[in-house]
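The values are calculated or read from the model by the stated rules, or taken from the named source; none is laboratory data. Here the structure is a predicted model, which is why all the values come from computation and not from measurement. Here the Cβ positions follow ideal geometry from the backbone for every residue, glycine too, while neighbour counts run over all protein chains shown. These accessible areas exclude ligands, DNA and RNA; they are computed on the full protein's heavy atoms, side chains included. Shrake-Rupley method; radii C 1.70, N 1.55, O 1.52, S 1.80 Å.
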Amino acid sequence: SYGMPGPLKPIVSAAERFCARRSDGVIIVDEARRYLLGKRLPRRLVVAENCPYDMVDPAWRKPEGGPFTIFYAGLIARYRGIGKLIRVTEGLEGVRVHIAGIMKDARYREAFENAPHVTYLGPLDRDEVIRRTFEANAVYSYYDPALEINRTANSTKMFEAFMCGTPVLVNSEPPSSKVVAETESGACLPYDDEDALRATIVAWRDRPEGAARLGENGRLLFKERYDWARVLERILELYRELGAQV
């Protein structure tokens, strides 16, 4: 419903619920989006998160030493907490921020140029994003809840961090981010609590072995629950129930 005129939203939502109730099967990308289907849920409902296949090369090794590097890859735009990340890391010794993505808001270019601890990498292809996600000390994935669609964000960056065994920084407002706190695979913090974000980064910088353990928890979580090969099996099982030859 992002960008849709306000008067149309309830009409479209009602149409979605009507169709879902009369469908043989429904697939959604996040448990938190069940509410969109209303109180009467479809008989066959599958949650299939937007997860990647395992792209980590077994020969890769985590780098040792050097600055504590936080990596963000995605749109360079408002409502992604980029300005917040720059502010909370400003003046932190031994902390660097690497940002990749398409510049949707040119005002950030000046912000990057005025922040010596920030490196803007420009747009990167998928393989390079995954490699840098693996090599980073932390991945940043914040979604400003002031934007309605962000309140049910289902972050691809979060799943990629799990895959790469890199601890992830997420904000707690999207329900999908709660898994980070539940599995101790990173930090799940209120969007507006910049003091907590800064303190977490300092703690991870000063105790990298603890941060690494969080990343290991994320890797285990990925292998058990979020590898696309596992998620795909849920979808195929639905098709089999419906009589498809798969």
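From the set of residues in segment 185-232 that are small (Gly, Ala, Ser) and in contact with a strand residue (DSSP E or B) (Cβ under 6 Å, 6 or more places away or on another chain), which is farthest from residue 174 (Cα to Cα)?
Here is the first cut: in segment 185-232, the residues small (Gly, Ala, Ser) are 185-187, 196, 199, 203, 210-212, 215, 218, 229.
Okay, now just the ones that are also in contact with a strand residue (DSSP E or B) (Cβ under 6 Å, 6 or more places away or on another chain), so 186-187, 196.
Numbers: 186: 15, 187: 13, 196: 18 Å.
Here the answer is 196.
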* Output the residues belonging to segment 179-235 that are touching a Cys at 6+ places or on another chain (Cβ under 8 Å), part of a loop (DSSP other than H, G, I, E, B) and either at positive phi or crowded, with 20+ Cβ neighbours inside 10 Å (or both). => none
* **Members of segment 119-140 found to be buried (at least 20 other Cβ atoms within 10 Å of the Cβ) and either β-branched (Val, Ile, Thr) or out of contact with any strand residue (DSSP E or B) (no Cβ under 8 Å at 6 or more places or on another chain) (or both), listed by number** => 129, 130, 133, 134, 139
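Checking the conditions here, which among 33, 40 is more than 20 Å from residue 229 (Cα to Cα), in contact with a strand residue (DSSP E or B) (Cβ under 9 Å, 6 or more places away or on another chain) and touching a residue at least 12 places away in the same chain (Cβ under 8 Å)?
Step by step, each of 33, 40 is checked, and only 33 is more than 20 Å from residue 229 (Cα to Cα), in contact with a strand residue (DSSP E or B) (Cβ under 9 Å, 6 or more places away or on another chain) and touching a residue at least 12 places away in the same chain (Cβ under 8 Å).
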* To do: Kindly list the number of the only condition in (1) aliphatic (A, V, I, L, M); (2) open to solvent by 20 Å² or more (accessible area, probe 1.4 Å); (3) assigned to a helix (DSSP H, G or I) that fails for residue 244.
  => (3)
* Output the residues belonging to segment 92-126 that are touching a residue at least 60 places away in the same chain (Cβ under 8 Å) and in a loop (DSSP other than H, G, I, E, B). => 92, 94
* **Residues that are modelled with pLDDT under 75 and either within 21 Å of the chain's Cα centre (by Cα) or in a loop (DSSP other than H, G, I, E, B) (or both), drawn from segment 1-32** => 1, 2, 3, 4, 5, 32
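For segment 141-172, what are the residues that are in a loop (DSSP other than H, G, I, E, B) and touching a helix residue (DSSP H, G or I) at 6+ places or on another chain (Cβ under 6 Å)?
Step one: of segment 141-172, the residues in a loop (DSSP other than H, G, I, E, B) are 142-147, 153-155, 165-167, 172.
Across segment 141-172, the qualifying residues are 143, 144, 145, 154, 165, 166, 167.
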